[in-house]
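Remarks on the structure that follows.
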Amino acid sequence: MKFAEVVQTADWKTEKHVPVIVAPKTVKAGEKFVVEVSVGKEIAHPNTTEHHIRSILLCFKPEAGKFAYEVGSFEFSAHAESVEGPNKGPIITEPVAQVVLKLAGSGTLLAVAYCNIHGLWESFQEIKVEA
Ligand code: FE
């Protein structure tokens, strides 16, 4: 068994679980830029105590190199839990995260989102680095 056998993917415009990576297509080497990862950008995913997106892992695989690097790991912890009961709590974390990155060379950002009942979903976005 491999992760590849259980991590699902699809077009994020039609499947609500697929993480959406918003990043520039082209950046300059060593210059800061913002990347946003989220779930539910086009079609909202439920965000309840029973059913929610719990985390997104963002990685980078350089074109020149064999290994992927972890960029950030984002936990979305509040889903209206409360002593009053499920969905009665005062706070909900939306599954959206932003990071500021600098790249030395071109490569691919990869994201994996985890839904507490529908498992793992992935997507990717290539970034070109101009010297
Ligand atoms: Fe789900």
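The values are calculated or read from the model by the stated rules, or taken from the named source; none is laboratory data. Keep in mind that this is a model prediction, so the values were computed, not measured. Ideal geometry is used to build each Cβ from the backbone, glycine not excepted, and the neighbour counts take in all protein chains shown.
Descriptive notes on the structure:
- Exclusive hit being more than 16 Å from the ligand (Cβ to nearest atom) and not polar (S, T, N, Q), set GLY105, GLY119, GLY40: GLY105
- Taking the listed residues THR49, THR26, the one that is within 16 Å of the ligand (Cβ to nearest atom) and not aromatic (Phe, Trp, Tyr) is THR49, with no other qualifying.
- Listed by first and then second residue, the pairs linking a residue in segment 72-96 that is under 16 Å from PRO46 (Cβ atoms) to a residue that is loosely packed, with under 15 Cβ neighbours inside 10 Å and of a type in the set (Asp, Glu), with Cβ atoms under 7 Å apart and 6 or more places separating them unless they lie on different chains, are PRO86/GLU50; VAL96/GLU36.
- ALA44 out of contact with any helix residue (DSSP H, G or I) (no Cβ under 7 Å at 6 or more places or on another chain), under 24 Å from LYS16 (Cα atoms), surrounded by fewer than 16 Cβ atoms within 10 Å (Cβ to Cβ) and without any contact (Cβ under 8 Å) to a residue 24 or more places away in the chain: no
- Of all residues in segment 69-107, those satisfying the criterion of being small (Gly, Ala, Ser) and in contact with a Lys or Arg (Cβ under 9 Å, 6 or more places away or on another chain) are SER77, ALA80, SER82, SER106, GLY107.
- Scanning segment 94-126 for residues being crowded, with 17+ Cβ neighbours inside 10 Å and over 21 Å from GLU15 (Cβ atoms) gives a total of 3.
- Filtered residues of segment 28-40 (kept if more than 18 Å from LEU120 (Cβ to Cβ) and crowded, with 19+ Cβ neighbours inside 10 Å): VAL35
- Scanning segment 73-131 for residues that are β-branched (Val, Ile, Thr) and not in a strand (DSSP E or B) yields VAL83, ILE91, THR93, ILE117.
- Those residues of segment 43-67 which are among the β-branched types (Val, Ile, Thr) and either modelled with pLDDT of 95 or more or not in a loop (DSSP other than H, G, I, E, B) (or both), in sequence order: THR48, THR49, ILE53, ILE56
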